[in-house]
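Scroll down for the structure; my scribbles are underneath it.
The values are calculated or read from the model by the stated rules, or taken from the named source; none is laboratory data. Small disclaimer: the values here were computed from a predicted structure and weren't measured. Note that each Cβ is placed from the backbone with ideal geometry, even for glycine, and that neighbours are counted across all protein chains shown. These area figures cover heavy atoms from the full protein model, side chains too; ligands, DNA and RNA do not enter into them. Shrake-Rupley method; radii C 1.70, N 1.55, O 1.52, S 1.80 Å.
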Amino acid sequence: MRDSRPPDTEQGARIVVNGEPHPVAPGATVADLVSSWCGSPTGIAVARNREVVPRSEWATTRLSPRDVVEIVTAAAGG
Amino acid sequence: MNDDMTGFVVAGTTLSSRLILGTGGISSPDVLGAVLESSGASLATVAVRRVDPATRGGVLDVLHAHGVAVLPNTAGCFTAAEAVLTAKLAREAFETDWVKLEVIGDEETLLPDAVELLDAAEQLCDEGFVVLPYTNDDPVLARRLEQTGCAAVMPLGAPIGSGLGIRNPHNIALIAQRCSVPVVLDAGIGTASDATLAMELGCAGVMVATAITRSRQPARMAGAFRAAVEAGYEARLAGRIPRRFSARASSPVEGLPDL
């Protein structure tokens, strides 16, 4: 499996969100990320390092440097 | 197959239409709304994709506004692991246990990978999902999926988006005959008569995306499919005449004048 995680840089810790490097503040949670990424959390799901983070755990799940996060929703398809 | 055109039952839930709409290829939310209206569909598929902050909300909002239930799919998944994670994300995002399970073998044919499909179906059924697998037109595999606990089976008529119609009607009829869960013809439909044939062969429903969404007038085509599904269903119940190799006069021979 390809390691798509970014190296930490001198500018601070970074994670990958939907395939793009993204800065992460110390102590930031999944809930913080979702609200900055897409505002409303309706119709959204989050995977962190290929595991679903249940909505009920967004506020308590802290992001770690080099996490790989996918934030998904519905698109026309099928 | 129950004797009620107005709906069929999947996993204890009555779907009010035997036509399931695939939203892939739809050109705009307005067109989707018009298609939903004229199709009468009560269930429509969506794909799970990365959030694009610029465009989000569209499809789900339109489905909700029309009272149409969401059937998430796992399109684009090549392995059981990807499909299972996608289904779990969909459950979290859309608050539904239902999933149209797709696990494809390669990008050129988009044909199902039977081994990965069965593996994913087992895992998802164990996790309590209502699994509707997109499968090959293989009566044996369809039975295996049913035995695994799938709530329906969705055999293909032809490759996704090909519009080639039902290439092996004999197999589709066999699947419909041998499965006790609903059989929904999925993929390959080109035009309304293909949907009629699927219903005549004994399918409980038909799923259509491309043939509607990429037609010249999608809302009009959706109406055609609605009528086609109903016609096929009624014809199936009414019972077609047997095929004969020679003619059989429909006018009486008795009383023929000597001219």
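Matching residues to (1) aliphatic (A, V, I, L, M); (2) in a strand (DSSP E or B); (3) open to solvent by 20 Å² or more (accessible area, probe 1.4 Å):
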residue	(1), (2), (3)
B:CYS150	no, no, no
B:PRO155	no, yes, no
B:ILE160	yes, no, yes
B:LEU185	yes, yes, no
B:CYS203	no, no, no
B:SER215	no, no, yes
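In the range A:17-42, the residues that are more than 11 Å from every other protein chain (Cβ to nearest Cβ) form Cβ pairs under 7 Å with partners that are surrounded by 17 or more Cβ atoms within 10 Å (Cβ to Cβ) and of a type in the set (Lys, Arg), at six or more places apart or across chains, as follows: A:PRO21/A:ARG14; A:HIS22/A:ARG14; A:PRO23/A:ARG14; A:VAL24/A:ARG14; A:VAL30/A:ARG48. Within the range B:233-250, residues that are in contact (Cβ under 8 Å) with a residue 40 or more places away in the chain reach partners that are open to solvent by 90 Å² or more (accessible area, probe 1.4 Å) and in a loop (DSSP other than H, G, I, E, B) with beta carbons closer than 7 Å, at six or more positions or on different chains, in the pairs B:LEU237/B:ASP3. Condition first: open to solvent by less than 50 Å² (accessible area, probe 1.4 Å), among the polar types (S, T, N, Q) and in contact with an Asp or Glu (Cβ under 8 Å, 6 or more places away or on another chain). Can you find one or more residues in the range B:90-98 that meet it? So far as the range B:90-98 goes, no, none of its residues is open to solvent by less than 50 Å² (accessible area, probe 1.4 Å), among the polar types (S, T, N, Q) and in contact with an Asp or Glu (Cβ under 8 Å, 6 or more places away or on another chain). Here B:ALA142 fits the description: open to solvent by less than 50 Å² (accessible area, probe 1.4 Å), of a type in the set (Gly, Ala, Ser) and not in a loop (DSSP other than H, G, I, E, B).
Of the helices (runs of 4 or more DSSP H) that lie entirely inside the range B:23-112, those containing 3 or more residues that are in contact (Cβ under 8 Å) with a residue 60 or more places away in the chain and more than 12 Å from chain A (Cβ to nearest Cβ) span B:29-39.
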